[in-house]
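What follows is a single structure, written as structure tokens, with notes after it.
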Amino acid sequence: MRNYKRFSIIIASIFIFAMYIQPINTHAETSIEYTEEEAAFISRTQNGEPIKMGILPHTFPLSDTPPNTQEYVGTNIEMLKLITSKTGLTFEYSRINLEEKSPYQSLLDHEFMLVAGTIKLENFLTNPNLVLSDRFDDGSLICISEKSTDPNVLNTGKIAVLKGYQAGEEYSKKQFPSHEIVYYDDNAQVVEAVRKGDADIAMISRYVGIYELQSPLNENLNVISPYQVEIDSCIMGLNTPDMRIAISIINKGLSQISENEYNHIQMNFSLTHPYNLSIVEYVYENRYFLLLGLCSLFIFIVLFRKLLSTQKDRSALSRDPLTSALTEAGFELAVTKLISKSNKPLFITDFDLSNFSTYNELHGKAQGDELLKSIAKIVGTFLSDQDIICRSYADNFKVISSKNSIEDVISEVKQANEIFNQMVDSKMIFNFGIYPIVDTSIPISKMLDFATIARKNAKHSSERFIDVFDETLYQQHMKEMQMIEYFDKAMANKEFVAYYQPKYDVKTKEIIGAEALVRWCTTTGKIIMPGQFIDLFEKNGLIQKLDFCMLENACVFLKKRIELGQKIIPISVNFSRIHMFSKDFVDNITELVERYEIPKHFIEVECTETAMTYDTELSKDILGQLRKKGFEIAMDDFGKGYSSLNALSTMPLDVIKLDSGFFSSTLEFDTNRANKVIIGVISLVHDLSLKIIAEGVETQEQFEFLKSIGCDFIQGYYFSKPLSEEDFLKELYQEL
Ligand code: C2E
Ligand code: CA
Ligand code: CA
């Protein structure tokens, strides 16, 4: 569109030349005859006395002095050069300071000998002080206004005129007598005044106007046709003998300039010297292209960055740097491909090592890393070319392998397990879950979940270390999904109920407290045990709500007793390891207990040893804060798996809960050494000024043993199972 406009302006210019320009000389190039005086004058100008020629600035394409240059450019300059070449008359150009005075005034002040390109005004022609050349150039004037301006109603307003441009001033007064003339320092400003609405009309030289209209910023401006003034420009000098000679020579030179030469100059500054776009104009003119370009660039950058990051992600995700096994993301991708092209039965095996964190603690991280590397290598020896191994996280690996039957997979798993077991001690167990891919339409993530479910099932079983995902497990999985879905409703129905298992003083056999253990009592009257949902709710964070629900149950229970003035016994509540990562944990417990106005030492926070040692510093801080607030802190399941004596000494604790397995095995083997260990632990705990409670005490024998070695408290079926609130109250009354 813009190019079209510029093209039409250029065509219009050509048309104007054709219409208005009187041929300067149609039969140029005859030799010029000079008088003696003229010849002498010419040689004077050539020998150190050039004619000082005043040049109008800011009137491109007529004449201009580009900023920061000593150059003079424009059609007037080209005409002067032509005169020089034809006559030998030599000029020295000098810029007329239009901001200060008109060209006429500059001549009167003898600043210049001649001025090039002034208009042949009536009053110049009749001014005896002046001598004017023949037609030097086209000096016509045009009026520019907004396209929407109706030329017939231009009665009042402002006219923008170049300062010192006498023609503009004179014709403005003549054509628009009731308008106010506003002066500007250059022609670009003259046009800009109209564009910006500061003036209604610009009175401007034709070529300058046409040139300025090419600016994309001026696309809403137009020449208003009725007000054109056809007029010539000339070279003007003071009427002195020398300048009369100079003008005479110039006239002779002008007469030698052919129409072709003249047109060539004009064309040169129109066609081959189109409007010089400033950066702003360039941006404006090409705004749609630039916008498109910028959008494309933006999209390109976004896509490119995405490509880079996905490539980075892919390379980062696809391989685990430690074992060179695929990462889970890379694995999912590879499994998708494998499933689509394989026609043999495929199996996903998920396995991990129980207590890997303990292995790390015992042997150091470097050896832990070596163990993982070895595991990956060993698995590799069982894999065929297309089978794939991945390390999902820590010690969890997944494998997809093609085998003829599940029996083949199990047989290989058993072989691998034997090798694995040689690298770890007997208390560490590898658990395997296998999912035979029977339905390829199932999402890969689900298939991986199924193998994991099977592995976890094996982990919970005391007889097996391998489990295959089958219909039973699938049903169990569906049940778990339902439990998660139903959780909020169950909370609202108050289906999670606290059962209280009393704790007894070994010496007095008195109830010294109770542990709140959750039971899911469904609306159908079924009681679901925590073993069926605690792990599940830990996995998805629902455990946090559940534990606080138990804490609230305990608070309600205690509050009732306080209000009734009954004997208060401390209640311990289990808090999952998940809370250790919640920054609001301390505040939330405090807020709830304070809301029920329960003295804090009646609440014991039970946290497993494993939870405490997951991030020791974090746990120390959280438990320390709780203890400072007055809560009792118990370390649950001490002795289950591996125990770190370091945790005993550094954790802010009040009570150690000895896991049943700790002393049952001791009793089983009844060795002197094992007894010494437990005696040592009890004495150590006491030395640390902590209390010790033995859990899962079922028999008189166990009780007697624990009593004999100085255990403080006992919790177990030997005294009481976990009881409903009603039964627990009965138990408490019996005591009284
Ligand atoms: P825990 O914290 O170690 O709780 C003790 C478990 O041992 C209870 O199982 C209890 O019923 C059982 N127990 C007590 N005495 C004996 C005994 O003499 N013999 C045997 N065989 N078992 C005994 P329960 O109630 O099934 O809870 C199992 C586990 O579920 C708890 O182990 C605890 O880790 C978790 N749990 C229970 N309630 C909650 C809860 O409200 N929040 C959280 N986060 N976990 C809970
Ligand atoms: Ca507990
Ligand atoms: Ca326990």
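The values are calculated or read from the model by the stated rules, or taken from the named source; none is laboratory data. All values reported here derive from a predicted model rather than from experimental measurement. Cβ: placed from backbone, ideal geometry, glycine included. Neighbour counts: every protein chain shown.
Couple of notes before you dig in:
- Helices (runs of 4 or more DSSP H) fully within region 61-149 counting 2 or more residues that are under 19 Å from residue 171 (Cα atoms) and of a type outside the set (Gly, Ala, Ser): 103-108, 122-125
- Scanning region 341-357 for residues that are in contact (Cβ under 8 Å) with a residue 24 or more places away in the chain and either farther than 22 Å from residue 457 by Cβ or assigned to a strand (DSSP E or B) (or both) yields 342, 344, 346, 347, 348, 349, 350, 351, 352, 353.
- Residue in region 46-54 that is under 53 Å from the mean Cα position of the chain (by Cα) and part of a strand (DSSP E or B) present: no
- Among the residues of region 652-659, at least one is surrounded by fewer than 20 Cβ atoms within 10 Å (Cβ to Cβ) and modelled with pLDDT of 95 or more.
- Looking across region 592-612, the residues that are in a helix (DSSP H, G or I) and within 16 Å of ligand 2 (Cβ to nearest atom) come down to 609, 610, 611, 612.
- For first residues located in region 622-637 and over 15 Å from residue 587 (Cβ atoms), partners that are within 16 Å of ligand 2 (Cβ to nearest atom) and in a helix (DSSP H, G or I) and lie 6+ apart or on another chain with Cβ distances below 6 Å form the pairs 633/623; 635/609; 637/609.
- Neighbours by Cβ (under 6 Å, 6+ apart or cross-chain): first from region 640-662, closer than 20 Å to residue 617 by Cβ and of a type in the set (Gly, Ala, Ser); second in a loop (DSSP other than H, G, I, E, B) and within 16 Å of ligand 2 (Cβ to nearest atom): none
- Taking every residue in region 708-726 that is modelled with pLDDT of 95 or more and of a type outside the set (A, V, I, L, M) and pairing it with any residue that is away from ligand 2 (no atom under 15 Å from the Cβ) and in a loop (DSSP other than H, G, I, E, B), at least 6 positions away or on another chain, the pairs with Cβ-Cβ distances below 7 Å are 711/506; 712/506; 713/506; 716/698; 717/698; 718/698; 718/699.
Conditions (1) surrounded by fewer than 20 Cβ atoms within 10 Å (Cβ to Cβ); (2) in a helix (DSSP H, G or I); (3) at pLDDT 95 or above, marked per residue:
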site: 413; (1), (2), (3): no, yes, yes
site: 450; (1), (2), (3): no, yes, no
site: 456; (1), (2), (3): yes, yes, no
site: 463; (1), (2), (3): yes, no, no
site: 472; (1), (2), (3): yes, yes, no
site: 498; (1), (2), (3): no, no, yes
site: 513; (1), (2), (3): no, no, yes
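- Complete set of residues in region 515-530 that are part of a loop (DSSP other than H, G, I, E, B) and within 10 Å of ligand 1 (Cβ to nearest atom): 529
This table checks each residue for (1) within 15 Å of residue 688 (Cβ to Cβ); (2) part of a helix (DSSP H, G or I); (3) touching a Phe, Trp or Tyr at 6+ places or on another chain (Cβ under 8 Å).
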| site | (1), (2), (3) |
| --- | --- |
| 625 | no, yes, no |
| 628 | no, yes, no |
| 634 | yes, no, no |
| 640 | no, no, yes |
| 643 | yes, no, no |
| 647 | yes, yes, no |
| 652 | yes, no, no |
| 657 | yes, no, yes |
| 661 | no, yes, no |
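- Taking each residue of region 487-504 that is on the phi < 0 side of the Ramachandran plot and looking for partners that are among the basic types (Lys, Arg) with beta-carbon atoms closer than 6 Å, six or more apart or interchain, yields 497/519; 499/519.
- Answer from 632, 617 - the residue that is of a type in the set (D, E, K, R) and either modelled with pLDDT of 95 or more or surrounded by 14 or more Cβ atoms within 10 Å (Cβ to Cβ) (or both): 632
- One residue from 578, 571, 562 being within 16 Å of ligand 3 (Cβ to nearest atom) and surrounded by 13 or more Cβ atoms within 10 Å (Cβ to Cβ): 571
- Tally, over region 415-445, of residues that are under 19 Å from residue 474 (Cβ atoms), in contact (Cβ under 8 Å) with a residue 40 or more places away in the chain and either touching a Leu at 6+ places or on another chain (Cβ under 7 Å) or not in a strand (DSSP E or B) (or both): 4
- Long-range neighbours under 6 Å by Cβ, at least six apart or interchain, first residue part of a loop (DSSP other than H, G, I, E, B) within region 568-591, second small (Gly, Ala, Ser) and within 15 Å of ligand 1 (Cβ to nearest atom): 569/513; 570/513
- Selection status of residue 536, away from ligand 1 (no atom under 16 Å from the Cβ) and either loosely packed, with under 14 Cβ neighbours inside 10 Å or at pLDDT below 95 (or both): no
- Exclusive hit being within 60 Å of the chain's Cα centre (by Cα), of a type in the set (A, V, I, L, M, F, W, C) and modelled with pLDDT under 95, set 107, 82, 98: 98
- Of all residues making up region 141-174, the number that are surrounded by fewer than 18 Cβ atoms within 10 Å (Cβ to Cβ) and either hydrophobic (A, V, I, L, M, F, W, C) or in contact with a helix residue (DSSP H, G or I) (Cβ under 6 Å, 6 or more places away or on another chain) (or both): 2
Matching residues to (1) within 16 Å of ligand 1 (Cβ to nearest atom); (2) within 16 Å of residue 501 (Cα to Cα); (3) in a helix (DSSP H, G or I); (4) in contact with a helix residue (DSSP H, G or I) (Cβ under 7 Å, 6 or more places away or on another chain):
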| position | (1), (2), (3), (4) |
| --- | --- |
| 680 | no, no, yes, no |
| 683 | no, no, yes, no |
| 689 | no, no, no, no |
| 693 | yes, yes, no, no |
| 697 | yes, yes, no, yes |
| 703 | yes, no, yes, no |
| 714 | yes, yes, no, yes |
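- Selection of region 716-736 for residues being within 16 Å of ligand 1 (Cβ to nearest atom) and either crowded, with 21+ Cβ neighbours inside 10 Å or outside any loop (DSSP other than H, G, I, E, B) (or both) yields 716, 722, 723, 725, 727, 728, 731.
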